[in-house]
Amino acid sequence: FIVVHPATFIIRLARLSNGNILVLTSKGIFRIENNKLIKMNINGLPDGYYYCLAERSDGSYFVGAKGAVYQINNNSVINKFVMNSYANKLIYSIYCDKKNNIWFSILGKGFFLIPSGSNKILNLGEKMGLENTQIDGFYEDKEENIWISTFGKGVFCLNNLYLRNYSEKDGLTNNNVNCIEKEKSGK
């Protein structure tokens, strides 16, 4: 039994590798101590709704809020990824793979990738035609394939993390490609 302030909504529980359980709420991030929620004072993290959490192998973790993903280490925000185009949309699901790439979805707006060591946000949902799809979760199997579960469009498996899709947007004259060959020059 955990004591919760009546105006605080618990959104998700997340267990870190050190065994600590963090509670993502409508009022910020809490930890459980003696069956009570104790507010974590994380430098640089505003109070507000937090919806998802993923831990990285270096001990830092990422939390999703409205329009932003925060990276936290030693009770301080060390990086912030802002989605200006989706400022009022929820970061719904987040996952850190074995290579420390960060995958996340925005409620009803597809999914994105922050490559390890980069501050660039790649819109993979758009590249795969899933920009208006609800992405519910991510999973990495033993072969390092990333499985993506959707609401209404099944499950997708990415077996090449750096999948590149070329289309008319990239300069092709047509999106109907019937065959592919390699030139002697290697192109």
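The values are calculated or read from the model by the stated rules, or taken from the named source; none is laboratory data. Predicted model, so just to flag it, every value in this text is computed and none were measured. Here Cβ is always computed from backbone atoms with ideal geometry, including for glycine, and neighbour counts include all displayed protein chains. All accessible areas refer to the heavy atoms of the entire protein, side chains included, with ligands and DNA or RNA removed. Shrake-Rupley method; radii C 1.70, N 1.55, O 1.52, S 1.80 Å.
Just a few scattered comments:
- For region 1-67: rounded, prolate or oblate by the Cα gyration tensor [a/c cutoff 1.5]: oblate
- Here the Karplus curve 6.51 cos²θ - 1.76 cosθ + 1.60, taken at θ = phi - 60°, turns the phi angles of region 138-154 into couplings of 10, 8, 10, 8, 4, 8, 6, 6, 9, 9, 10, 9, 10, 9, x, 10, x Hz, with x standing for Gly and Pro.
- Here LYS66 is the anchor, and the lysines within straight C-alpha reach of less than 21 Å, apart from those fewer than 8 places off in the same chain, are LYS27, LYS39, LYS80, LYS89, LYS109, LYS120.
- 3J(HN,Hα) along region 77-93: 6, 10, 7, 9, 10, 9, 9, 4, 5, 10, 4, 9, 9, 7, 6, 8, 9 Hz, from the Karplus curve 6.51 cos²θ - 1.76 cosθ + 1.60 with θ = phi - 60°, whole Hz, x for Gly and Pro.
- Interchain or long-range residues, amide H under 5 Å from ASN101's placed H: SER116
- As a fraction of the 1.4 Å probe accessible area of region 77-119, surface on carbon and sulfur atoms comes out at 43 percent.
- Residues whose amide H lies under 5 Å from that of MET40, counting only those 5 or more places away or on a different chain, are ILE29, PHE30, ARG31; hydrogens are built 1.01 Å from N in the peptide plane.
- The slack between ASP141 and ALA87, meaning 0.36 nm per residue of separation minus the straight C-alpha distance, is 16.3 nm.
- Using C-alpha pairs below 8 Å separated by at least 6 residues, the relative contact order for region 1-130 is 14 percent.
- Label zone at SER57, where the point sits 7 Å out along the Cα-to-Cβ direction: region 80-109 residues whose backbone N lies under 12 Å: 97-101
- Cα-based equivalent ellipsoid of region 48-167: semi-axis lengths in Å, sorted from largest, via gyration tensor: 21, 17, 13
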